């Protein structure tokens, strides 16, 4: 299902106005991918990228062509681990956060 322009604009405004929302959106994208729902995780991260650094700046920072990044986070994209972790590392640095994987308590 394609997102409407108004929804994308809403996410962008919310990210710009609410740093906690932005951090949680990044966290949710990463958590969703780690939980096995790669499609949804990529979609969340694509929204986060569009609302924050943008694909052009991300391409420059990661030395990855913009179109490759856009494909990587598309529904049919299949990012290599090296590329994905490079992007996630950059996004965390830009956001001033560092996420760690930890087991859930039993």
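The values are calculated or read from the model by the stated rules, or taken from the named source; none is laboratory data. Keep in mind it's a predicted model, so treat the numbers as computed, not measured. Cβ sites come from the backbone with ideal geometry, for glycine too, and all protein chains shown count toward neighbours.
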Exercise. Among the residues of segment 51-84, how many are exposed (fewer than 13 other Cβ atoms within 10 Å of the Cβ) and within 11 Å of the chain's Cα centre (by Cα)?
Worked result: 1
Exercise. Within the bounds of segment 2-21, is there any residue that is assigned to a helix (DSSP H, G or I), within 26 Å of residue 103 (Cα to Cα), within 14 Å of the chain's Cα centre (by Cα) and without any contact (Cβ under 8 Å) to a residue 60 or more places away in the chain?
Worked result: yes
For this session: For segment 46-106, please list each of the helices (runs of 4 or more DSSP H) lying entirely inside it that holds at least 2 residues being under 18 Å from residue 32 (Cβ atoms).
Result: 81-95
For this session: For segment 22-41, state whether one or more residues are at pLDDT 95 or above, touching a helix residue (DSSP H, G or I) at 6+ places or on another chain (Cβ under 7 Å), outside any helix (DSSP H, G or I) and under 15 Å from residue 92 (Cβ atoms).
Result: no
Exercise. Is there any pair linking a residue in segment 27-47 that is on the phi < 0 side of the Ramachandran plot and free of Cβ contacts under 8 Å to residues at least 12 places away in the same chain to one that is surrounded by 15 or more Cβ atoms within 10 Å (Cβ to Cβ) and part of a helix (DSSP H, G or I), with Cβ under 9 Å and at least six apart or on different chains, and which?
Worked result: 31/41; 35/41; 38/32; 40/29; 40/32; 40/33
Seminar exercise, completed: Residue hits (segment 85-106; within 15 Å of the chain's Cα centre (by Cα) and in contact (Cβ under 8 Å) with a residue 12 or more places away in the chain) are 86, 87, 88, 90, 91, 92, 94, 95, 97, 99
